[in-house]
1. Where the centre of each part is set by its Cα atoms, how far does the range 79-113 sit from the range 19-70, in angstrom?
2. With a point put 7 Å past each Cα toward its Cβ, work out how far LEU5 is from LYS51 in nm, to one decimal.
3. Take the Cα atoms of the chain, build their convex hull, and give its volume per residue in Å³.
4. Using the Kyte-Doolittle scale, find the helices of the chain whose mean hydropathy is at least -1.0 and whose Cα atoms extend 20 Å or more along the helix's long axis, counting only whole DSSP H runs.
5. Amide H of GLU50 versus every other amide H placed in the peptide plane: which residues, excluding those fewer than 5 positions away on the same chain, fall under 5 Å?
6. Can you list residues whose amide H is under 5 Å from ALA4's amide H, if they're 5+ apart or on another chain and H is modeled 1.01 Å from N?
7. Specify the residue with the greatest mean-square fluctuation among SER76, SER40, SER57, computed from a Gaussian network of the chain linking alpha-carbon atoms under 10 Å apart.
8. Suppose a student asked you for the relative contact order of the range 1-72, using Cα pairs under 8 Å spaced at least 6 residues apart; what percent would you report?
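Since every read-out is calculated from the coordinates, none of them should be taken as a lab result. On a predicted model such as this, the values are computed, not experimentally measured, just so you know. All Cβ positions, even for glycine, are placed from backbone atoms using ideal geometry, and neighbour counts span all protein chains on display.
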Amino acid sequence: MDLALSSRAEGDYEIIEVGGEIDVYTAPKLREAIVGAVDSGKISLIVDVEKVDFLDSTGLGVLVGALKRVRGEGGSLDIVCTHERLLKIFQITGLDKVFGLHSSVDAAIASHA
């Protein structure tokens, strides 16, 4: 399966919508999208994984690396995720304590108000 990526600005936030599978083959595309956003000065990111079918450790590594990068710039990275199987991955790895996990883009934005 392939990876679908799109991004849009919403206020001060860059929303990166991801679909498909985030694995060892597709994670570099996600990394490129995030690095591109940060390099263009967008440091408040929301990654929407609602259309993601599969997430492996490589994908988690990209998200953790992105979080470190934006925090180093004084920014934030939140994740929109309601799928139980993906939430379980975040819980098992302890990353549910590291990332802001939200039910919608609006909820992620509101968490910073």
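1. Between the Cα centres of the range 79-113 and the range 19-70 lies a distance of 14 Å.
2. Result: 1.4 nm between the two label points.
3. 88 Å³
4. Numbers: long enough: 57-72 (22 Å, 0.61).
Sorted by number, the helices that extend far enough and score high enough are 57-72.
5. Sorted by chain and number, the residues that satisfy this are VAL18.
6. For ALA4, the qualifying residues are GLY19, GLY20, GLU21.
7. Ranking SER76, SER40, SER57 by mean-square fluctuation puts SER40 first.
8. Values: 109 pairs, mean separation 25.9, N = 72.
Once normalised by length, the contact order is 36 percent.
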